[in-house]
1. Return the residue satisfying two criteria in turn: it lies in the stretch A:105-138 and is of a type in the set (D, E, K, R) and not in a loop (DSSP other than H, G, I, E, B), and of such residues it is nearest to the chain's Cα centre (by Cα).
2. Quick check on this structure: which one of B:Leu57, B:Leu63 is in contact with a strand residue (DSSP E or B) (Cβ under 7 Å, 6 or more places away or on another chain), hydrophobic (A, V, I, L, M, F, W, C) and more than 7 Å from every other protein chain (Cβ to nearest Cβ)?
3. I want to confirm something. Restricting to the stretch A:70-104 and keeping residues that are assigned to a strand (DSSP E or B) and either among the hydroxyl-bearing types (Ser, Thr, Tyr) or under 18 Å from A:Gly181 (Cβ atoms) (or both), which single residue is farthest from the other protein chains (Cβ to nearest Cβ)?
4. Which count do you get for residues in the stretch B:11-36 that are buried (at least 22 other Cβ atoms within 10 Å of the Cβ) and farther than 28 Å from B:Glu348 by Cβ?
5. Taking the stretch B:112-131, which residues are within 18 Å of B:Arg173 (Cβ to Cβ) and surrounded by fewer than 23 Cβ atoms within 10 Å (Cβ to Cβ)?
6. Output yes when any residue across the stretch B:303-311 is of a type in the set (Ser, Thr, Tyr), touching a residue at least 40 places away in the same chain (Cβ under 8 Å) and not assigned by TED's automatic domain parsing to the domain that holds B:Val34, and no when none is.
7. Which count do you get for residues in the stretch A:321-354 that are closer than 30 Å to B:Thr64 by Cα and either of a type outside the set (A, V, I, L, M) or surrounded by fewer than 23 Cβ atoms within 10 Å (Cβ to Cβ) (or both)?
8. Which residue is farthest from B:Lys41 (Cα to Cα), if the candidates are limited to the stretch B:266-299 and must be of a type in the set (Lys, Arg) and either more than 14 Å from chain A (Cβ to nearest Cβ) or more than 28 Å from the chain's Cα centre (by Cα) (or both)?
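The values are calculated or read from the model by the stated rules, or taken from the named source; none is laboratory data. All values derive from a computational prediction rather than experimental measurement. Heads up, the Cβs are rebuilt from the backbone with ideal geometry, glycines too, and the neighbour counts pull from every protein chain shown.
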Protein chains: 2
Amino acid sequence: MNLRFDILATSGPARRGRLFTAHGTVETPAFMPVGTRGAVKGMTAQELEAAGASVMLANLYHLTLRPGIDVIERLGGIHRFTGWRGPILTDSGGYQVFSLARLRRLDPDGVTFRSHLDGSLVRFTPESVVEAQRRLGVDFAMTLDECPPWPISEADAETSLELTTRWAELARRAWIEDGPGALFGIVQGSGYRDLRRRAVASLRALDFPAYAIGGVSVGEGTEMRRAVVEWTAPELPADKPRYLMGLGTPLDLLHAVSHGVDLFDCVLPARNARHGVLFTRRGVLRIKNARFRDDPRPVDERCSCPLCTRQSRALLHHLIRAGELTGPVLATIHNVRYYLDFMADLRECVELGTLTDFAQELTDCYADGGSPATPLAAPPRRPRAAR
Amino acid sequence: MNLRFDILATSGPARRGRLFTAHGTVETPAFMPVGTRGAVKGMTAQELEAAGASVMLANLYHLTLRPGIDVIERLGGIHRFTGWRGPILTDSGGYQVFSLARLRRLDPDGVTFRSHLDGSLVRFTPESVVEAQRRLGVDFAMTLDECPPWPISEADAETSLELTTRWAELARRAWIEDGPGALFGIVQGSGYRDLRRRAVASLRALDFPAYAIGGVSVGEGTEMRRAVVEWTAPELPADKPRYLMGLGTPLDLLHAVSHGVDLFDCVLPARNARHGVLFTRRGVLRIKNARFRDDPRPVDERCSCPLCTRQSRALLHHLIRAGELTGPVLATIHNVRYYLDFMADLRECVELGTLTDFAQELTDCYADGGSPATPLAAPPRRPRAAR
């Protein structure tokens with residue numbers, strides 16, 4: 001439970017930090033690419049390293065159903081199994097139990113559900129989820145929580161939060177203090193400020209080594225999503241890492257960093273890549289668009305990924321339109337690299353106190369949360385000339 | 001048309017050579033990974049280089065239909081377009097015209113067909129196919145040919161060969177002598193020895209800088225396929241490169257090398273990889289098989305690919321069974337690497353005169369042309385202890 005987190009610099013509420021784990025350090029704010037079943041879709045572990053990732057995410061729900069915790073444990077744990085040598089965070093799978101599993105039955109002690117793969121009966125309890133993550137040998141473990149959808153009444157959100165709070169207590173008690181990994185408490189409370197505040201207070205009383213903001217990006221819209229971050233982040237202990245789960249666009253990340261969030265994960269860069277939507281320093285490219293058929297320029301001329309250093313927009317347009325497997329592969333490598341470079345820019349902005357300027361420039365090119373249809377705007381200036 | 005080909009060593013009919021092109025040298029016997037539409041399915045150009053490839057194949061039929069020769073030429077040629085910096089060979093697309101296109105009409109001067117993509121009318125002539133490959137800037141160009149299926153009567157095969165021979169003459173005349181690339185003449189003649197002999201004689205009279213053996217692996221079975229190689233290869237000029245088109249299993253390659261073939265291409269390593277069929281130095285692994293679920297060993301412990309150096313059979317089993325994109329990607333990188341390493345072993349065997357021993361060892365572990373269902377046999381000994 002000894003999670004060392006050094007804050008190296010601040011700029012208003014924003015923090016530039018460093019997290020220490022048994023598998024290496026993490027410079028924060030950090031983006032954690034999502035390797036749900038043990039690999040980022042389309043990327044090798046070596047490519048993920050080369051892109052600059054320091055932490056990888058995986059998902060306990062998916063790994064429990066296939067190949068099973070026993071198998072991974074026998075194979076030497078999740079690092080040996082995945083071949084990813086840096087820190088690994090597993091999501092507890094609460095979100096997937098509620099979005100994917102069938103016939104789930106909640107009770108105060110846990111949840112029983114049928115696997116979406118083969119219909120077999122599975123039970124998750126706060127204690128079993130903690131135990132499974134310990135057996136995997138993860139660096140960052142998450143408590144089991146209930147992640148309610150939006151909209152939801154305040155009364156129902158309160159009932160849900162009470163369950164999540166009880167589960168957090170059970171998980172905290174089950175977690176062995178002197179193990180190598182750190183357990184994150186997850187703040188729920190939906191779109192209700194008072195519930196979020198109560199959630200933070202309950203978790204703080206349990207003294208977790210790190211905290212996550214959960215239950216966002218479940219249908220509530222940008223304004224409320226940002227409000228939840230603005231309400232919650234400042235209430236969390238200043239000396240502990242803060243992780244915003246499942247977000248988001250570059251603008252979402254910049255907003256959350258500005259309000260003191262340190263860790264992020266999101267499937268967006270990889271999923272968008274597979275659909276031919278590329279993130280660049282000049283905004284989003286929808287590479288299937290006919291105007292890229294003849295475009296000899298790299299996707300992003302300031303990107304150092306394997307695609308941008310060697311190939312053109314025209315090639316990627318061609319490969320993705322032709323349904324060639326290498327198209328999504330190259331696009332994913334690029335988008336993940338973009339996100340990781342973007343976080344490096346944010347870290348620099350925190351150090352230099354230039355987050356506000358960067359936010360304005362980013363807003364100019366990422367209109368509408370990362371999906372401008374208009375010709376590309378001027379590039380945002382980099383925080384400083386050289387990196 | 002100046003294709004320099006040095007023969008460095010021989011062992012019976014087998015040759016160890018070196019081909020010189022404007023984009024680098026090729027150590028032969030060489031395997032050329034297939035990047036039909038400009039990329040090997042699932043691999044980046046950098047990964048292909050790291051795997052040890054020296055030549056990449058692409059296909060004129062597919063590139064003509066999409067994105068079009070004009071587009072690639074405007075983008076600076078096929079090397080700039082694909083990002084592959086080594087030599088590139090394009091197949092003329094004759095095979096695809098006869099296997100994929102609709103409503104084709106043959107005439108003495110060429111073939112008119114409808115695109116399998118959009119039904120548009122396209123015409124290929126021996127001259128247009130040569131011209132297109134010149135505009136792409138390929139290092140190795142192929143003449144337009146007709147590739148008849150098996151079985152076929154000798155009379156029909158003869159008629160087909162007459163057309164291919166006429167087209168070869170037209171192509172040879174159209175090829176500009178002093179350009180940077182080399183035009184290969186293609187030996188057809190189906191499974192008839194006399195026709196193969198006549199085909200060789202006609203092509204030799206045209207003095208091509210290199211020769212290909214086409215029309216194999218079209219349904220004729222292993223015995224006849226090998227017979228065609230044994231009849232044809234020794235008839236070709238000893239000082240020119242010989243390319244066996246579209247083959248095959250490791251045993252096919254070893255057989256052909258033993259009979260003096262220098263160049264190969266095949267979709268087998270990449271296609272098998274996507275289906276979870278892995279080539280190894282101990283035979284074939286069908287990685288989806290339940291016995292690999294818990295197997296902590298690398299796919300091939302003597303392989304240096306990204307998968308084998310870091311991950312287990314159990315991980316690949318899991319990723320491919322789960323339908324994860326990274327599964328086919330890792331398997332493809334491995335299989336292509338296996339083929340390229342295998343060719344390096346063959347080159348060494350030619351130098352050392354140990355092809356026969358290697359053939360016996362390979363036969364022991366690759367029963368039935370690369371698809372043993374039985375437990376893995378003993379590994380073939382390497383040609384020498386260290387590489």
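1. To start, the set of residues in the stretch A:105-138 that are of a type in the set (D, E, K, R) comprises A:105, A:107, A:109, A:114, A:118, A:123, A:127, A:131, A:134-135.
Remaining after also requiring not in a loop (DSSP other than H, G, I, E, B): A:105, A:107, A:114, A:123, A:127, A:131, A:134-135.
Working: A:Arg105: 27, A:Asp107: 28, A:Arg114: 26, A:Arg123: 25, A:Glu127: 24, A:Glu131: 22, A:Arg134: 20, A:Arg135: 22 Å.
It comes out as A:Arg134.
2. On the way: B:Leu63 fails: in contact with a strand residue (DSSP E or B) (Cβ under 7 Å, 6 or more places away or on another chain).
Exactly one of B:Leu57, B:Leu63 is in contact with a strand residue (DSSP E or B) (Cβ under 7 Å, 6 or more places away or on another chain), hydrophobic (A, V, I, L, M, F, W, C) and more than 7 Å from every other protein chain (Cβ to nearest Cβ), namely B:Leu57.
3. Residues of the stretch A:70-104 that are assigned to a strand (DSSP E or B), as a first pass: A:88-91, A:102-104.
Then keep just the ones that are either among the hydroxyl-bearing types (Ser, Thr, Tyr) or under 18 Å from A:Gly181 (Cβ atoms) (or both); that gives A:88-91.
Numbers: A:Ile88: 14, A:Leu89: 18, A:Thr90: 15, A:Asp91: 17 Å.
Filtering first and then ranking leaves A:Leu89.
4. Counting residues in the stretch B:11-36 that are buried (at least 22 other Cβ atoms within 10 Å of the Cβ) and farther than 28 Å from B:Glu348 by Cβ gives 0.
5. Within the stretch B:112-131, the first condition is being within 18 Å of B:Arg173 (Cβ to Cβ), and the residues that meet it are B:124-131.
Correct list: B:Thr125, B:Glu127, B:Ser128, B:Glu131.
6. Looking through the stretch B:303-311, none of the residues is of a type in the set (Ser, Thr, Tyr), touching a residue at least 40 places away in the same chain (Cβ under 8 Å) and not assigned by TED's automatic domain parsing to the domain that holds B:Val34.
7. Narrowing the stretch A:321-354 to residues closer than 30 Å to B:Thr64 by Cα: A:321-335.
From what's left, either of a type outside the set (A, V, I, L, M) or surrounded by fewer than 23 Cβ atoms within 10 Å (Cβ to Cβ) (or both): A:321-328, A:332, A:334-335.
Total satisfying the criteria: 11.
8. Here is the first cut: in the stretch B:266-299, the ones of a type in the set (Lys, Arg) are B:271, B:274, B:281-282, B:286, B:288, B:291, B:293, B:297.
Next, only the ones that are either more than 14 Å from chain A (Cβ to nearest Cβ) or more than 28 Å from the chain's Cα centre (by Cα) (or both) stay: B:281-282, B:286, B:291, B:293, B:297.
Working: B:Arg281: 23, B:Arg282: 25, B:Arg286: 20, B:Arg291: 27, B:Arg293: 26, B:Arg297: 26 Å.
Per the criteria, the residue is B:Arg291.
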